[in-house]
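Taking it in order: structure first as structure tokens, then the write-up.
The values are calculated or read from the model by the stated rules, or taken from the named source; none is laboratory data. A quick note: this is a predicted structure, and the numbers were derived from the prediction, not measured. Neighbour counts run over all protein chains shown; Cβ positions are idealised from the backbone, glycine included. To get the accessible areas, we keep the full protein, side chains included, count just its heavy atoms, and leave off ligands, DNA and RNA. Shrake-Rupley method; radii C 1.70, N 1.55, O 1.52, S 1.80 Å.
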Amino acid sequence: MALSSDHVLPHLAVFLIMASGSLISYGQSFVNVNSFAEQSELINTNGVAVADYDLDGDLDIYMVAADELDANDSNTWSRLLRNDGDHGFTDVTLEANLINWQLKSTYGSVGAKTGASWGDYDNDGFPDIFLSISGYDELWHNEGNGLFTNVSEVSGVKGCENCYSTNGLWWDYDLDGDLDLYVSDWNNRNRFYRNDGGGIFANVGPDLGLHDGGKTFTSIPIDVDSDGFKDLYVVNDGQENTLYQNDGQGGFKEVAAAYGLANKGNGMGADICDYNNDGNFDIYLTNIFAHEPNPFFVNQGNGVFANQSELLGIDNTGWGWGARFFDADHDLDEDLYVVNGFKAEIADGDRNMFFNNDGRVFKDIAPALGINDVQHAMGLEVFDYDSDGDFDILVANRNSHSRLYKNLTVEESGENANWIQIELEGSVSNRNAFGSTVSITCEGADYHRYFTGVNLFGQSIKPLHFGLGSHQFVDKITVTWPDGSLEFIENVEANQLVKLKEGSLRKKVVTGTEHSFPDDMEVRLFPNPFDEEIQITSKSIFEGDAEFHLVNALGQKIFYKKINIRNDSGIRINLSENKSILTSGIYFYYVIAANRKFSGTIVKR
């Protein structure tokens, strides 16, 4: 999206603040994209969620209008905003037939319409959307031609007239390869719909013991006991949170206290991260601080969580709502943004907060960045709206226009702001690969992300993002798919979106030994993914004649070349003559030299 000078807040790429008598510098800044307010129009928004609904390569936005729908007032219509790149966003709600015609609300303390959850429930490649509402819920099927069809009634997920749904969670609880739906309800018992295929769902919550009766705002799946089956953490308002342990046989039992996850606050927002890069996923919740501080349940690695929010400086965000972890400054750890407030006229003091993760504690630097809005906000999403490599912030405000903050990290930090984004596609698993874990390795250090897309009032389908600092390559990307199978790809160049499909990568043998070069040898292929040319380089320890083999997913050798690798230059291999057989996809390569073989996976765009 093009930005004129009058759309830009003062740049704060490097600023100084006084803290404990010391000067501290933060290398990041954001600018407010003023044009977004006009394009989105809404001034009273609850949930926001993003997905590439039209499969054109960028992320589109669904915004939930909080007010009861008035057919004559377009500001009460929830919006589908198509991302048109440099041209900004275009409202295509009517064009897509996705107008939410729910006219009457039955009960709505935070609005008549609350959330939007993207999920490809029929695995056809096109994201569908579930809308949680005060009253009957709605499920809209993406027809793949820009249009949506309301299938709420026939699918069996309509809910009830006096339901007050706050969030829809798409997850595959039984690992059968399709997405099931758990609906949080603030006024009634939660509902759990098993996907039985053919667009039909069965309400099995009572049978499985998942019909929690708390005033639920958010529910998130996480495998707390590392048995391969996702458990369910339910976040309740003013009542005890609950953790339902999945036994893998279709049964659940409540075990929150045993895992250190009991909390009786005004639970609202939730997010999962690995804040200290130890390979264990942690859970953060937002509460009303005057009643109960926000807990940050840090995974101790032994199946138990410990609340360390006060120690880490993120216990108080006022009247907290949506929360998102992301590496805003590309320094290889995850920062935290939280939106806050209750009623605009009493929101002063409950400003939105941005906590910079310095590797030890979190520090709120939102005032210095100019992203500490005082408007009452509930919904939140972070995503790369302009495809420049860093994650931007979308804040859904109540009683004022929503704000889109463009992240300037890539533009302003240069070679120290490398990144990689990873888009997953399930084949055996659900198409969105919800429930997957991705780990990257850079010079011996590992970093981890867990993919659910879940947030307060929303669920998004978006790439996983890693800031890489000064790293120009990722040594390895390892994907743990929802069923526990592991695959990986090696030697991936930084600063690109990598699309990985289940079953097309190199398998990792957990109980065996990976075949690779000895530690004193290294061969690197790049770029990965590639277009027509591959370059092979090596360290000086490896020099001489070699063979290069390229094999497709069926095991057929499609390219062979004798090469000579020297320590002072790389070998360039042009594959443009093989266009007829070299289609987009995953390939295996072998470099053989001195009776040793280096093998790996490479992607053709």
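Three principal axis extents of the range 274-348 based on alpha-carbon atoms, in descending order, are 43, 29, 17 Å.
In the chain, the portion of solvent-accessible area held by carbon and sulfur atoms comes to 47 percent [1.4 Å probe, whole percent, DNA, RNA and ligands not counted]. The helix-based estimate of mean residue ellipticity at 222 nm for the chain, built from -39,500 (n - 2.57) per DSSP H run of four or more residues and divided by its residue count, is -1000 deg cm²/dmol to the nearest 500. Pairs exceeding 18 Å between alpha-carbon atoms, taken from LYS406/LYS499; LYS476/LYS561; LYS406/LYS501; LYS476/LYS507: LYS406/LYS499; LYS476/LYS561; LYS406/LYS501.
Counting 0.36 nm for each residue step from GLU423 to SER74 and taking away their Cα separation leaves a gain of 122.2 nm.
The label-point distance for ASP227 and GLU161, in a model that sets each label 7 Å from Cα toward Cβ, rounds to 4.2 nm.
Sorting 404-410, 379-385, 497-503 by average packing, meaning the other beta carbons within 10 Å per residue, from highest down gives 379-385, 404-410, 497-503.
With protein chains left intact and a 1.4 Å probe, residues in the chain average 37 Å² of accessible area per residue.
Multiplying the residue separation of GLU292 and ASN34 by 0.36 nm and removing their Cα-Cα distance gives an extension gain of 89.3 nm.
Once the Cα gyration tensor of the range 138-223 is found, what semi-axes does its equivalent ellipsoid get, as square roots of 5 times the eigenvalues, in whole Å, sorted largest first?
Rounded to whole Å, the semi-axes are 21, 16, 12.
For the range 223-318, what percent of Cα pairs sit more than 17 Å apart?
Working: 2202 of 4560 pairs.
Tail of P(r) above 17 Å: 48 percent of Cα pairs.
Estimated at 0.36 nm per residue, the fully extended path between ASN372 and THR149 surpasses their Cα-Cα distance by 76.4 nm.
For the chain, what does the relative contact order come out to in percent, with C-alpha contacts under 8 Å and a separation of six or more? Could the numbers behind the result be given before it?
Numbers: 1732 pairs, mean separation 65.6, N = 605.
Computed value for the chain: 11 percent relative contact order.
Spin-label model, GLN249 to ILE43: label points 7 Å out along the Cα-to-beta-carbon direction sit 5.9 nm apart. Here the chain was treated as a single set of alpha-carbon atoms; its pair distances binned every 20 Å from 0 give 20, 54, 24, 2 percent.
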